[in-house]
Amino acid sequence: MNNQYNTTAIVGAQWGDEGKGKVIDILSGTSDMVVRSQGGNNAGHTVVVGDKVHKLHLVPSGILYKGCQCVIGAGTVIDPKSLLQEMDSLAQNGLSFENLHIDARAHIVFPYHILLDGISESQKGDQMIGTTKKGIGPCYMDKAERIGLRMQDTLDLEKFKSKLKAVISHKNKILKDIYHTDTVDFYRIFDEYAEYVQKLKPYIKDTSLLVYEAIKAGKKVLFEGAQGTLLDINFGTYPFVTSSHPITGGVATGAGIGPTMITECLGIAKAYTTRVGMGPFPTELLDEIGEKIQTVGKEVGTTTGRARRCGWLDAVILRYSVRINGLTALCVNKLDTLTGIPKLKICTAYK
Ligand code: IMP
């Protein structure tokens with residue numbers, strides 16, 4: 001029996017960049033709350049409203065609508081510098097943040113994560129993942145190792161200072177002794193981050209409770225997925241994946257609600273397939289049709305500016321996505337990009 005809640009989880013059914021932003025933006029306009037439950041500023045989409053261009057990376061799309069509560073949940077990783085830049089640019093467009101809430105449990109991305117992301121990629125050679133180099137993987141590594149710093153650690157600056165000092169001393173050993181590279185300066189990072197976290201302090205709270213209460217009160221709650229199913233660290237094309245759970249299961253753990261509180265699971269796909277970064281891509285087109293799709297579909301990464309690899313629609317991965325996410329609906333975008341291609345192909349099985 002279906003539950004009684006007015007909730008929808010939106011996930012990418014392919015390798016990300018399926019046009020989730022557009023769908024989420026449309027649905028945000030009639031939602032009471034929009035929640036990000038995983039990932040960080042590796043995601044990104046642009047929303048154009050009138051003559052205003054809004055660039056979103058971590059702030060939920062609901063911020064564009066007055067009265068919509070916006071939650072950055074516990075399963076996300078937050079680069080405070082990047083988040084504040086994003087908020088500044090949104091503020092310049094006249095937006096305000098009284099409805100923004102950041103979970104106290106969300107982990108913080110530091111400069112050493114970004115540094116280590118780059119070093120680790122450069123050492124992998126042809127096994128390189130092609131990450132966004134935003135420090136996402138190394139931040140989730142610290143979370144799993146249980147040495148990460150969380151938003152709530154910043155509420156007492158003295159405690160924050162001593163925790164950060166211990167972690168940086170550990171990271172510097174790795175940078176110096178393993179990677180034989182320059183170390184990072186604790187005082188510089190602390191001073192910089194102490195300023196950022198002061199600015200973010202008013203937004204830090206227990207958002208899992210806020211989401212629960214909103215759902216219980218019958219509010220319309222949207223869970224805004226980032227990346228895509230095939231980038232999930234468990235069910236994606238490992239190791240060519242991101243370090244979080246961009247599937248509907250990740251909504252429960254990332255937002256901190258029970259799975260029975262999610263009513264609809266909407267998967268977003270494109271009428272063809274794209275992927276940025278390395279890793280398997282069975283229907284990839286390395287010919288002029290692939291180039292045409294890339295050009296007509298403007299398939300360039302919002303966050304990194306990289307050209308996306310393009311290929312035919314892959315029904316095998318879509319069926320997989322339906323299963324992994326328990327999809328109740330599918331939205332197919334960008335059919336018009338294929339206009340003029342005389343014969344369209346759909347992959348229905350692998351050999
Ligand atoms: P990371 O998330 O930066 O560690 O990157 C890991 C993989 O996920 C790489 O292949 C990235 O290109 C891909 N990725 C991360 N975020 C996005 C996204 O928002 N859209 C599409 N691919 C992404």
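Things to note:
- Complete set of residues in the stretch 121-141 that are near the ligand (Cβ under 10 Å from one of its atoms) and within 21 Å of Gly305 (Cα to Cα): Glu121, Met128, Ile129, Gly130, Thr131, Thr132, Lys133, Lys134, Gly135, Ile136, Gly137
- Residue match in the stretch 7-16 (condition: over 18 Å from Gly254 (Cβ atoms) and within 11 Å of the chain's Cα centre (by Cα)): no
- Scanning the stretch 217-258 for residues that are open to solvent by 20 Å² or more (accessible area, probe 1.4 Å), touching a residue at least 24 places away in the same chain (Cβ under 8 Å) and more than 30 Å from Lys133 (Cβ to Cβ) gives Gly218, Lys219, Lys220.
- The residue pairs whose first member lies in the stretch 309-333 and is closer than 11 Å to Cys347 by Cα and without any contact (Cβ under 8 Å) to a residue 60 or more places away in the chain, whose second member is assigned to a strand (DSSP E or B) and open to solvent by 30 Å² or more (accessible area, probe 1.4 Å), and whose beta carbons are closer than 6 Å, counting only pairs six or more residues apart or on different chains, are Gly311/Glu284; Leu313/Ile346; Ala315/Ile346.
- Scanning the stretch 310-351 for residues that are under 30 Å from Asn3 (Cα atoms), open to solvent by less than 40 Å² (accessible area, probe 1.4 Å) and part of a helix (DSSP H, G or I) turns up Ala315, Val316, Ile317, Leu318, Ser321, Ile324, Asn325.
- Residues of the stretch 141-157 satisfying the condition of being among the acidic types (Asp, Glu) and within 18 Å of Lys205 (Cα to Cα): Asp153, Asp156
- Some residue of the stretch 98-107 being open to solvent by less than 10 Å² (accessible area, probe 1.4 Å), touching a residue at least 40 places away in the same chain (Cβ under 8 Å), within 16 Å of the ligand (Cβ to nearest atom) and in contact with an Asp or Glu (Cβ under 9 Å, 6 or more places away or on another chain): no
The values are calculated or read from the model by the stated rules, or taken from the named source; none is laboratory data. Since the structure is predicted, the reported quantities are computational estimates derived from the model, not experimental observations. Neighbour counts run over all protein chains shown; Cβ positions are idealised from the backbone, glycine included. Accessible surface is based on the protein model in full, side chains and every heavy atom, while ligands, DNA and RNA are left aside. Shrake-Rupley method; radii C 1.70, N 1.55, O 1.52, S 1.80 Å.
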